[in-house]
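The values are calculated or read from the model by the stated rules, or taken from the named source; none is laboratory data. These numbers were taken from a predicted model, which means no experiment stands behind them. Using ideal geometry, Cβ is built from the backbone for each residue, glycine included, and neighbour counts are taken over all protein chains shown.
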Amino acid sequence: MQENKNALKIAVTAVLTAVVVVFTMIVRIPTAKGYLNLCDVAICFIAFTFGPASAFIAAGLGTALADLISGYAQWAPISFAVHGLEGLLIALIVRNKAGVEASLLKKILAGIVCMATVTLGYFALSSLFISTAAVAAAEIPGNLVQSAVGFILGLGVSTAVKRAYPPVRFLAW
Amino acid sequence: MNTSAYVAGHGWLYRFDPRAKILLMVLLCVFFFLPITLTGLALTVLLVVVVGWRNTGGKNIARVFLSIAPMLLFMLLFSPFNVRSGQSLWSVRSLTIITVEGALQALRLACRFIGITYVCTLLFATTVMGEIMLALRFWRLPYKAALVVTLSFTYIPFIAESFSQISESHRLRESAREERKNYAQRLKDLLPTLTSVLVVALRSIPNLAMSLEMRGLGRSERRTNYRSLDSYTHLFTDFVISIIIVTVLWVLCKA
């Protein structure tokens, strides 16, 4: 039984990681320090639909792999930390008993946490390891827009997927 | 969609053991943050770029530079204003705009950024992803983590292809109205496409889980195993070379 569970956990994590990579790489708007993308849609979807552990691993690993593949390898550790934390925090905030929808207050809080984590995370880590605070600050508006749009779309997609494919609730761990 | 940064070639970096290459990459990234002279840093970066050019070709080197060019521009334009102390380089009446220290710090940041970018890029440009995974296993990456990454790489093309097909079919239905839509409407229109892609991806999970069970995942006697990196026969030598390279650079460049 434990083997079955392990296999399912690995399968879920692998496919969700691939989803994050595809969402990160398919729609890209170049900016001063890299690119804006749909990764937050995938991360918010995973956080709303699956548990904190899946959200942390798939979000962190998926965005880091996308950076490695796209030639932005220097951003991979930062993306892993920031987006992993983003997925984990959103999932922890909206986590509820099975079948119970998260309240509006929790969703708003999750949205604020999502934007704050991405914006402050990238600002702090990139000004510490890659550039300076002035250069890192230039990316704040882009990150705010990306995370806000990602959160709203992720929430919508999560609701739509739960309706279109109800067995998804059996895949969460 | 391209899922690999590998550039085919025959240079010496391709023959260097991937396990030693990872060590060298980490050591060089640490080296760029050590207290070293600006000239030493710039020459080290130049050396890395030349090695990259000799191994992966000028086209790849130019492509990487173009991808970081906007960031470099930002860095060189804005970083000098951060440092207010020191000798004035450019001033308007009594107001100092840029100091010598500020300009030097901007150059150091730019060199460091270029160095880290090329060191990381060269690892992935000269090593196939499978060998990087095997090298990471050598550096104690857990079996399940390596399996997740390997499986993800096999699923990325499938999901990307589904995305293209689904978005293409959605676009065919709405092509007449596309030009008049604003950004909000376009984002809203993405919802059905994203939902369909996610459902397609999620439907593949039970099959994948079943395949993993069939292959003996979690059992004491595994039916499959990772292959080894035995084709690289100079692991110890490559480790020593990696450490010598960074040590020599440190001795030559330390401030």
Take residue B:116 and decide whether it is out of contact with any Asp or Glu (no Cβ under 7 Å at 6 or more places or on another chain), in the same structural domain as residue B:84 (by TED's automatic domain parsing) and buried (at least 20 other Cβ atoms within 10 Å of the Cβ).
-> yes
Scan of segment B:33-84 for residues that are of a type in the set (A, V, I, L, M, F, W, C) and either within 9 Å of another protein chain (Cβ to nearest Cβ) or on the phi > 0 side of the Ramachandran plot (or both), ordered by number = B:33, B:64, B:68, B:71, B:73, B:74, B:75, B:77, B:78, B:81
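Is it the case that segment B:94-104 has a residue that's within 26 Å of residue B:250 (Cα to Cα), in the same structural domain as residue B:243 (by TED's automatic domain parsing) and either among the hydroxyl-bearing types (Ser, Thr, Tyr) or in contact (Cβ under 8 Å) with a residue 24 or more places away in the chain (or both)?
yes
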Somewhere in segment A:101-117, is a residue closer than 21 Å to residue B:191 by Cβ and touching an Asp or Glu at 6+ places or on another chain (Cβ under 8 Å)?
-> yes
Take the residues in segment B:232-249 that are without any contact (Cβ under 8 Å) to a residue 60 or more places away in the chain and within 25 Å of the chain's Cα centre (by Cα), then tell me which one is surrounded by the fewest Cβ atoms within 10 Å (Cβ to Cβ).
-> B:244
Of those in segment A:119-167 that are in a loop (DSSP other than H, G, I, E, B) and not hydrophobic (A, V, I, L, M, F, W, C), the residue farthest from the other protein chains (Cβ to nearest Cβ) is A:166
Considering only residues that are more than 7 Å from every other protein chain (Cβ to nearest Cβ) and at pLDDT 95 or above, look in segment A:8-23 and name the one that is farthest from residue B:193 (Cα to Cα).
-> A:16
Enumeration of residues in segment B:1-13 that are away from chain A (no Cβ under 14 Å) and surrounded by fewer than 18 Cβ atoms within 10 Å (Cβ to Cβ) | B:8, B:9, B:10, B:11, B:12
Residues of segment B:155-175 that turn out to be of a type in the set (Val, Ile, Thr) and within 8 Å of chain A (Cβ to nearest Cβ), as a count | 2
How many residues does segment A:137-164 contain that are surrounded by 18 or more Cβ atoms within 10 Å (Cβ to Cβ), free of Cβ contacts under 8 Å to residues at least 40 places away in the same chain and over 14 Å from residue A:38 (Cβ atoms)?
-> 1
How many residues does segment B:17-30 hold that are over 27 Å from residue A:22 (Cα atoms), surrounded by 21 or more Cβ atoms within 10 Å (Cβ to Cβ) and not charged (D, E, K, R)?
-> 3
Residue match in segment B:60-79 (condition: over 17 Å from the mean Cα position of the chain (by Cα) and charged (D, E, K, R)) = no
Scanning segment B:204-221 for residues that are within 7 Å of chain A (Cβ to nearest Cβ) and assigned to a helix (DSSP H, G or I), the one farthest from the chain's Cα centre (by Cα) turns out to be B:213
